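**Student:** Got a structure here, written out as structure tokens. Questions coming.
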Amino acid sequence: MITVFAGGVGASRFLQGLVQAVDPADVTVISNTGDDVEMFGLHVSPDTDIVLYALAGAVNPETGWGLAGDTFAVVDQLQRFGYERWFNLGDRDLAMAIHRTRLLHAGIPMHEVVAGLARAWGVGCQVIPMANEPIRTKVYGPDGEIDFQEYMVRMRTEVEVRSIAFAGADTARPAPGVVEAIRDAEAVILAPSNPFVSIGPILAVPGVRDALASTAAVRAAISPIIAGQVVKGPAAKMLQSLGHEVSAVGVAAVYRGLIDLMVIDEQDRALAPRVEALGMRCHVTDTMMTSAERKAELAAEVVREARRVPRAMGQ
Ligand code: GDP
């Protein structure tokens, strides 16, 4: 089994490649629910849905989120009743939120809801939310606490992030299957996702970090930072404002002690010795997932390299 810690857009691109490179039945995805949000009384799970849509081949390829060809009539219409329209939820996307909310209200735990959604979309791998309890990512800027989607969507990340917290994490437990997926995997891969707000919430669930530290699986990560920049999103700004080096070395340092293999981009080849000095193997390749072929090649390469790395590297 290959287990992947996943955020949204970066993770889903990698997962699209992984299910071409290995049997999807051998893939388990642990999905970030820290950026879940209540919208119009509905429970929206942006990262989980991006992963499901991408694996179902239904994601909007232009945005990397939402459904291809979706329309926005409902959110447009809701403005008539005074609702704000800063959060783009497509009409077909809303069907997921309605269904998920109804099941959660009926007392079905999140991991069963997500398993059912994955089945309905014909997704061949197992997708597990990190926890069944609500955990909400909060960022703290100069004026205090901000809900994650407010920061990400409404404020377009134009706030200096001084710290990050995961409300509810202290009392949450890993969803059924999460610890097993880490413990019993051949490899655990941290997708090229935001280390702080996509992978960070998963690691904040009590027991997950320990499971990752003690698993016999080889643990690998792919840098979401290429040549000091993000492909998309606030990861570079966060590295900077939280006092880390804005590079693949900075990301590797955040994961130090938790990974055995760091995969960095060709453009960052010169950084490899510094990554290895952190006590992990470094593999250099083209990590820009521009085509279906490149996604599959990258995933195959990460799995192949993980099989070559001795487990003890990250200790
Ligand atoms: P979000 O929750 O939708 O923001 O998605 P993630 O956290 O999963 O992914 C965001 C990260 O993915 C950003 O830091 C991007 O730099 C990174 N990313 C997106 N596409 C690529 C790519 O093709 N290659 C690499 N290496 N990183 C990518």
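**Student:** Can you tell me which condition Arg209 does not meet? The list is (1) more than 20 Å from the chain's Cα centre (by Cα); (2) farther than 17 Å from Pro192 by Cβ; (3) away from the ligand (no atom under 16 Å from the Cβ); (4) not aromatic (Phe, Trp, Tyr), and all the others hold.
**Tutor:** Failing condition for Arg209: (1).
**Student:** Then there's this: What are the residues in region 220-264 that are away from the ligand (no atom under 14 Å from the Cβ) and on the phi > 0 side of the Ramachandran plot, if any?
**Tutor:** Hits for region 220-264 are Gly243, Gly257.
**Student:** Sticking with this structure for a sec: So Leu258 ticks every box in (1) assigned to a loop (DSSP other than H, G, I, E, B); (2) farther than 21 Å from Val139 by Cα; (3) free of Cβ contacts under 8 Å to residues at least 24 places away in the same chain but one. Which box is left unticked?
**Tutor:** So the condition that Leu258 fails would be (3).
**Student:** On to the next question. So, in region 129-145, of the ones that are hydrophobic (A, V, I, L, M, F, W, C) and within 16 Å of the ligand (Cβ to nearest atom), which residue ends up farthest from the chain's Cα centre (by Cα)?
**Tutor:** Across region 129-145, the extreme among qualifying residues is Val139.
**Student:** If I filter region 218-227 for residues that are open to solvent by less than 10 Å² (accessible area, probe 1.4 Å) and part of a helix (DSSP H, G or I), do I get at least one hit?
**Tutor:** No: zero hits.
**Student:** For region 72-86, indicate whether the set of residues that are within 16 Å of the ligand (Cβ to nearest atom) and over 20 Å from the mean Cα position of the chain (by Cα) is non-empty.
**Tutor:** Looking for residues that are within 16 Å of the ligand (Cβ to nearest atom) and over 20 Å from the mean Cα position of the chain (by Cα), one finds none in region 72-86, hence no.
**Student:** Same structure, new question: Would you point out the residue of region 178-201, among those that are over 18 Å from Val218 (Cα atoms), open to solvent by less than 10 Å² (accessible area, probe 1.4 Å) and out of contact with any Ser or Thr (no Cβ under 7 Å at 6 or more places or on another chain), that is farthest from the ligand (Cβ to nearest atom)? I'd like the intermediate steps shown before the answer.
**Tutor:** First, pick out the residues of region 178-201 that are over 18 Å from Val218 (Cα atoms): 193-198, 200-201.
Applying the additional criterion that residues be open to solvent by less than 10 Å² (accessible area, probe 1.4 Å) yields 193, 195, 197, 201.
If we keep only those that are out of contact with any Ser or Thr (no Cβ under 7 Å at 6 or more places or on another chain) too, we end up with 193, 195.
Working: Ser193: 3, Pro195: 8 Å.
So the residue we want is Pro195.
**Student:** Restricting the search to region 59-84, which residues are surrounded by 11 or more Cβ atoms within 10 Å (Cβ to Cβ) and on the phi > 0 side of the Ramachandran plot?
**Tutor:** Once the filter is applied, which keeps residues that are surrounded by 11 or more Cβ atoms within 10 Å (Cβ to Cβ) and on the phi > 0 side of the Ramachandran plot, region 59-84 yields Gly64, Gly66.
**Student:** Still on this structure: Check whether at least one residue in region 104-112 is within 16 Å of the ligand (Cβ to nearest atom), modelled with pLDDT of 95 or more, of a type outside the set (Val, Ile, Thr) and part of a loop (DSSP other than H, G, I, E, B), and report yes or no.
**Tutor:** Within region 104-112, none of the residues are within 16 Å of the ligand (Cβ to nearest atom), modelled with pLDDT of 95 or more, of a type outside the set (Val, Ile, Thr) and part of a loop (DSSP other than H, G, I, E, B).
**Student:** Residue by residue through region 234-250, note down the ones that are farther than 15 Å from Arg269 by Cα and either at pLDDT below 95 or assigned to a helix (DSSP H, G or I) (or both).
**Tutor:** Passing the criteria: Ala235, Ala236, Lys237, Met238, Leu239, Gln240, Ser241.
**Student:** Ok, one more. Identify all residues within region 105-128 that are more than 22 Å from the chain's Cα centre (by Cα) and of a type in the set (A, V, I, L, M, F, W, C); write none if there are none.
**Tutor:** Matches in region 105-128: Ala106, Ile108.
**Student:** Since Glu160 meets every condition but one in (1) open to solvent by less than 60 Å² (accessible area, probe 1.4 Å); (2) at pLDDT 95 or above, which condition does it not meet?
**Tutor:** (1)
**Student:** A follow-up question, please. Among the listed residues Ala175, Ala167, identify the single one that is of a type in the set (A, V, I, L, M, F, W, C), touching a residue at least 24 places away in the same chain (Cβ under 8 Å), surrounded by fewer than 19 Cβ atoms within 10 Å (Cβ to Cβ) and under 15 Å from Leu203 (Cα atoms).
**Tutor:** Going through Ala175, Ala167 in turn, just one is of a type in the set (A, V, I, L, M, F, W, C), touching a residue at least 24 places away in the same chain (Cβ under 8 Å), surrounded by fewer than 19 Cβ atoms within 10 Å (Cβ to Cβ) and under 15 Å from Leu203 (Cα atoms): Ala167.
**Student:** Okay, next question. Which numbered condition trips up Phe87, out of (1) open to solvent by 40 Å² or more (accessible area, probe 1.4 Å); (2) touching a helix residue (DSSP H, G or I) at 6+ places or on another chain (Cβ under 7 Å)?
**Tutor:** Answer for Phe87: the failing condition is (1).
The values are calculated or read from the model by the stated rules, or taken from the named source; none is laboratory data. All values reported here derive from a predicted model rather than from experimental measurement. Ideal geometry is used to build each Cβ from the backbone, glycine not excepted, and the neighbour counts take in all protein chains shown. What goes into the accessible areas is simple: the full protein's heavy atoms, side chains included, and nothing from ligands, DNA or RNA. Shrake-Rupley method; radii C 1.70, N 1.55, O 1.52, S 1.80 Å.
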